[in-house]
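Read-outs throughout are calculated quantities, based only on the coordinates presented, and are distinct from any laboratory measurement. All values reported here derive from a predicted model rather than from experimental measurement. Counting neighbours? That spans all protein chains shown, and the Cβs are built from the backbone with ideal geometry, glycine included.
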Amino acid sequence: MHKQIAKLLIGAAWLAGVSTVLAQRGPQLLLDLNNLEQRVKCSSEQVTVARDGEAFVITIDPGAEGYPGLDVTPPDELWNFGDYGHIEAKVTNLGDKAAALSMRVDDDGDWRSSPWNTESISLKPGESKELKVIFGYAYSFQPSHKLASDRIKRVKLFTGKVPASGQFVFKVEGLQVSGAAGEKPPVKEADIRTVPKDGWLLGNGIVVDAEKNLQNTGNSNGSTDGSTVKVVLPAGKPAAAVLYKPEKGRWSLVDYFQVRAKVRNDGKTAVKPQMRVAANASTAWAAAAQPLAPGESCELVVPFAMDYLWQGNADTRKAEKQYEFGSHEVKGVVFGTVEGEDERVLTVTEVRAEAPVAVLPEWLGQRPPVTDGEWVQTLNENFDGTSFDENLWRVYGSNYWGDSKRTGFSKSQTFVKDGMAYLRYEKKDIYHNDDEEKGVKKTYATGFLESYGKWTQRYGYFEARLKPPVASGLWPAFWLMPDRGVRFAPEQWKRADTGNGGMEFDIYEPLTAWGPHRYNLAWHWDGYGKGHKAIGTSCAYAQTDKDGFLTVGLLWTPGLAVYYCNGKELARLEGERVSSVTSDLMFTLPGGGWAQRLISDDAIREGDTDFIIDYVRVWQRKDLASADDGYWNPDGTPRK
């Protein structure tokens, strides 16, 4: 869970003042081009602006700025756009390089809560596009900050860092406020997501339309009687297949782990039917165990999980294969056969997404997954009692992740109940770390748990049983970070440096929009700037147990780091660059994440935003133990 690098420009908050009220509901230009210099403020000398007839041109030279651009400000202190729905402009790239331009609309809220909406467009040389910000939406018109449109203090136009090889030049026409209050973005068919009732995709009374639900490849012929799908694959076309898809958009199968189908051979020769689930990237094919004789039926099951062990090399930063299937964007289910030169005919009678309960090995939670060497248990945290063990855990710390501008840590959000630890995300006004003197006031509160400065270990097996929140827009994680101890340096940034042999271990890091079965696992090292290195996969899938929990683990030995889930090895990283530095335990629950939007206030409901930890258990192989393992006093001496 590395620090987010891409950050938008942050403007200082202005005091509320006189509003510029627009009485008409028709489109209104934001800028009198005769007063361009008074109404436009460039971010640095890299940026210049000039009038061009009824438009203005922004020229941005190479330089050090990360987000160069300009601010368009109201003639008074604030604009009142309460009767309108969006701000728009036509933008043309007059430069000779492809470039992106972003528009950000800011209200006068506390800057720490990111009170703005932003959209971006990419333009080829000479290309023109509309750039539009709809109030309350951001980044491809996803729900975002509820902009106070009656108190707008500026409109920002900016790009990214300009390469030394040239400049960016944008022509901006018709910068105006328009649309009706409460406007919603247009729905693109590609963005439509259908959530199947009880997982049923075919069968259970679902009506099939050949034109809307079937797509042929390789001269195949898909047809339907209204309730089943008939797949005819012509002779001489072994790769022919039929895609069964939703009527519009895609299926969202985030609540499921696999798809099961019932298939019958209605042809004249024996065949081995096969199936896969297609998204932007597809699953592996699943085939019948044996050829089906004419008239015979079978069930095909396609798990979303990769059908191989993910393997990476820390020294070369390369993985043998990458897996990118996303259950949130399923295009459809593909039916074909393994081989066959003759005509093949299949009838698909049922297709259903499922979430079977995980079958767990008996050793899980009792010992490491390997038996070589002599292992001893070094930590057995079951969260008994009514409070945290203060010799082990901290609930306060620095906040770098996700929506840190608006969210802080509070002891009220990290608690023990019924033998489990809870990290809870809520909308409430707090001071970060509950420190009114030194803390910063926040509008959202979350839990935080780490063993930094209190317990560390180098090498061993680290395991936790976890249940993620169900509310979309959160970013829970279980991870390890380097902690070289106060003996090494008092500053945390030195102790926790992921360079110099250190490494960030992301054992379990989902985005809750992905559902309970998918998560990210990764390794990060050499800092979070230009030298940053990382490897991993964001498409690790696993079945939850009967209570909705996953049990995840890290086996860490010299030159080797292996991630497990429910006792099964999912991914391994080898190489000399695997961490050799003592590390602490971390559990975090920020909002947002690198690939999703902030949680909406409507999604923050009791129980839906809880990250639950049943236990944390750690073992050490005796021959790998060191004096840096174990409990520590604040002065850096070992705790007896």
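Annotations for the structure displayed:
- Couplings for the stretch 83-93, taken from phi via the Karplus curve 6.51 cos²θ - 1.76 cosθ + 1.60 with θ = phi - 60°, read 8, 10, x, 7, 10, 9, 7, 9, 10, 10, 7 Hz in order; Gly and Pro are left as x.
- For a straight C-alpha distance cut-off of 28 angstrom, the lysines reachable from Lys321 (same-chain residues fewer than eight places away being disregarded) are Lys3, Lys245, Lys272, Lys331, Lys530, Lys533, Lys568.
- Total charge dipole magnitude, the stretch 516-581, about the Cα centre, Cβ charges on Lys, Arg, Asp, Glu only, Debye to nearest 20: 160 debye
- Residues whose placed amide H lies under 5 Å from that of Ser583, excluding near-sequence neighbours: Gln457, Arg458, Asp483
- Beta bridges by DSSP in the stretch 193-354, antiparallel share as percent, to the nearest 5: 95 percent
- In a simple Cβ point-charge model (Lys, Arg +1; Asp, Glu -1; nothing else charged), the stretch 19-178 has a dipole of about 360 debye relative to its Cα centre.
- Listed residue (Gln38, Ile152, Pro62) projecting farthest to the positive dipole end of the stretch 19-178, Cβ model: Pro62
- Counted by Cβ distance under 14 Å from Pro62, the other residues give a net charge of -2, where Lys and Arg count +1 and Asp and Glu count -1.
- Cα gyration tensor shape for the stretch 309-420, rounded if a/c is under 1.5, else prolate or oblate: prolate
- Amide H to amide H, with H built 1.01 Å from N, Glu343 comes under 5 Å of Ala235, counting only residues 5 or more places away or on other chains.
- Amide H to amide H, with H built 1.01 Å from N, Gly473 comes under 5 Å of Thr512, Ala513, counting only residues 5 or more places away or on other chains.
- Rounded if a/c under 1.5, otherwise prolate or oblate - the stretch 19-178, Cα gyration tensor axes: prolate
- A simple count of charges around Val208, restricted to other residues whose Cβ falls under 11 Å of its Cβ and scoring Lys, Arg +1 and Asp, Glu -1, yields -1.
- Summary of packing: across the peptides 620-631, 400-411, the per-residue average of other C-beta atoms within 10 Å ranks them, highest first, as 400-411, 620-631.
- Share of alpha-carbon pairs per 5 Å distance bin for the stretch 193-354, given as whole %: 2, 9, 18, 21, 19, 14, 8, 4, 2, 1, 0, 0
- The stretch 193-354, relative contact order [Cα under 8 Å, separation at least 6], %: 35 percent
- With contacts taken as Cα pairs under 8 Å and at least 6 residues apart, the chain reaches a relative contact order of 13 percent.
- Taking a straight Cα-Cα cut-off under 27 Å and skipping sequence neighbours fewer than 8 places away in the same chain, the lysines within cross-link reach of Lys90 are Lys7, Lys41, Lys124, Lys129, Lys132, Lys146, Lys153, Lys156, Lys161, Lys171, Lys184, Lys188.
- Positive minus negative residues near Asp266 (Lys, Arg vs Asp, Glu; Cβ under 14 Å): +1
- Karplus-derived 3J(HN,Hα), 6.51/-1.76/1.60, for each residue of the stretch 293-299, Hz, glycine and proline x: 6, x, x, 7, 10, 7, 10
- The separation of the stretch 541-596 from the stretch 83-144, counted between C-alpha centres, amounts to 37 Å.
- Charging the Cβ of each Asp and Glu at -1 and of each Lys and Arg at +1, and nothing else, the dipole of the chain about its Cα centre rounds to 480 debye.
- Phi-based couplings in Hz for the stretch 95-100 (Karplus 6.51, -1.76, 1.60; Gly and Pro marked x): x, 9, 10, 4, 8, 10
- Summary of packing: across the peptides 259-267, 442-450, the per-residue average of other C-beta atoms within 10 Å ranks them, highest first, as 442-450, 259-267.
- Whole-Å distance, taken between Cα centres, linking the stretch 510-537 and the stretch 299-374: 20 Å
- Note: relative contact order over the stretch 19-178, using C-alpha pairs below 8 Å and six or more positions apart, is 35 percent.
- Distance between the pseudo-spin-label points of Lys146 and Glu437 (7 Å out from Cα toward the beta carbon): 3.7 nm.
- Over the C-alpha atoms of the stretch 498-640, the Rg to Rh ratio, Rh being the Kirkwood estimate, stands at 0.98.
- Considering only Gly531, Thr609, Asn391, the residue lying farthest towards the positive end of the dipole of the chain is Gly531, judged by Cα position with unit charges set on Cβ.
- Estimated FRET transfer efficiency (Glu576, Arg51; beta-carbon r; R0 51 Å; 0.05): 0.30
- Centre separation in Å (Cα based) which lies between the stretch 412-426 and the stretch 452-483: 15 Å
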